1. Only one of these is of a type in the set (S, T, N, Q) and surrounded by 15 or more Cβ atoms within 10 Å (Cβ to Cβ): Q108, Q41, Q55. Name it.
2. Is one or more of the residues making up the stretch 119-132 surrounded by 15 or more Cβ atoms within 10 Å (Cβ to Cβ), closer than 26 Å to E224 by Cβ, out of contact with any helix residue (DSSP H, G or I) (no Cβ under 8 Å at 6 or more places or on another chain) and at pLDDT below 95?
3. Show the residue pairs that are 6+ apart or on different chains and have beta-carbon atoms under 6 Å apart, the first residue being within the stretch 49-67 and in a loop (DSSP other than H, G, I, E, B), the second being not small (G, A, S).
4. Hey, any hits in the stretch 224-235 for a residue that's modelled with pLDDT of 70 or more and in a helix (DSSP H, G or I)?
5. Only residues that are open to solvent by 50 Å² or more (accessible area, probe 1.4 Å), in contact with a helix residue (DSSP H, G or I) (Cβ under 8 Å, 6 or more places away or on another chain) and assigned to a helix (DSSP H, G or I): list them for the stretch 91-105, please.
6. Does E135 fit the bill of being in a helix (DSSP H, G or I), open to solvent by 90 Å² or more (accessible area, probe 1.4 Å) and modelled with pLDDT of 65 or more?
7. Residues S23, S58: which one is over 30 Å from E224 (Cβ atoms), out of contact with any Pro (no Cβ under 7 Å at 6 or more places or on another chain) and at pLDDT 90 or above?
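The values are calculated or read from the model by the stated rules, or taken from the named source; none is laboratory data. The shown structure was predicted, so the numbers you read here are calculated from the model rather than taken from an experiment. Here the Cβ is made from the backbone with ideal geometry for all residues, glycine too, and neighbour counts use every protein chain on show. Surface accessibility is based on the protein's heavy atoms, side chains included, excluding ligands, DNA and RNA. Shrake-Rupley method; radii C 1.70, N 1.55, O 1.52, S 1.80 Å.
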Amino acid sequence: MSFDRLSSAEQGRAGRNNPPARSSIAGGSYTDDPDFTRLYQDLTNKLFKLNGNNQRLSGEISHLGTRRDTPRVRERVHELIEESRDLFKSVGEGVKKIQTWDDVTPTQKYHQQKLSRDFTTSLTEFQSLQRTALEKQKASVSTIKSTLPTSSPSSDHPQPLSSSPGSQQQLLLQEQELTRLAPQDEVDFQEALILEREEEIRNIEQGVGDLNVLFQQVAQIVNEQGETLDTIVNNVENVRDDTRGADRELRSAARYQKNARSKACCLLLILVVILTVVLLAVFLG
């Protein structure tokens with residue numbers, strides 16, 4: 001085996017054992033760096049899960065306030081809202097990080113824009129679902145409050161019948177007491193239910209506010225990146241115009257220099273002719 005073949009084999013083994021961090025592609029550019037790619041893929045997977053949660057949450061919220069409204073449905077709505085809210089906060093931090101990535105390539109810039117666009121779309125849909133759930137929760141609380149009975153002195157303090165015998169009077173008092181206690185248990189249950197749903201309402205309202213702040217932060221970063229990109233484009237256009245102007249000046253200088261050389265050659269030729277004529281006149285004379 002020749003020395004050249006040995007060198008080629010060793011270089012091939014070294015390339016397989018130590019792959020480059022970036023692989024070259026056509027045109028002399030490079031693919032995205034691994035850290036950017038890993039972060040982008042992780043955020044994309046989380047957004048895919050969030051979109052699935054939005055679809056499930058939409059189906060569960062549609063059952064609220066209907067005959068299919070059960071404690072289990074409300075539990076699933078609560079769990080989906082809590083899970084999605086935490087996941088949106090995590091994705092939002094990742095989107096802010098990837099939007100401020102240094103020295104991005106055109107491919108990375110496209111991924112930045114796509115990620116921010118997908119995040120904004122998914123978060124907007126989730127916020128709309130939260131507001132729908134909030135409205136239905138408030139409507140449910142109002143309905144429950146409207147069904148609560150109003151207590152009256154006669155029902156709370158029943159008067160005994162003086163004309164009834166002692167045994168019959170005692171029996172009537174017991175029946176009246178049982179009749180009073182049964183609605184009271186229902187009232188206590190409804191009041192506890194109202195407190196629970198009012199707590200859910202406060203949690204949803206707080207979640208909507210927190211995600212609104214995150215949405216504004218991401219939008220601000222995207223706008224700043226857009227302004228930076230516009231500045232870069234303007235600078236590139238200015239450099240291009242300056243380069244074209246310099247090229248025109250160089251071409252003009254080259255033409256001037258060429259004309260100057262032609263004139264110099266003509267003058268030199270005339271001088272040679274004159275000098276030859278003078279020399280011939282001297283020698284022949």
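1. Going through Q108, Q41, Q55 in turn, the sole match is Q108.
2. For the stretch 119-132, residues surrounded by 15 or more Cβ atoms within 10 Å (Cβ to Cβ), closer than 26 Å to E224 by Cβ, out of contact with any helix residue (DSSP H, G or I) (no Cβ under 8 Å at 6 or more places or on another chain) and at pLDDT below 95: absent.
3. That search, which allows pairs on different chains as well, returns H63/D69; H63/V73; L64/K136; G65/K136.
4. Yes, that holds for at least one residue.
5. K97
6. yes
7. S58
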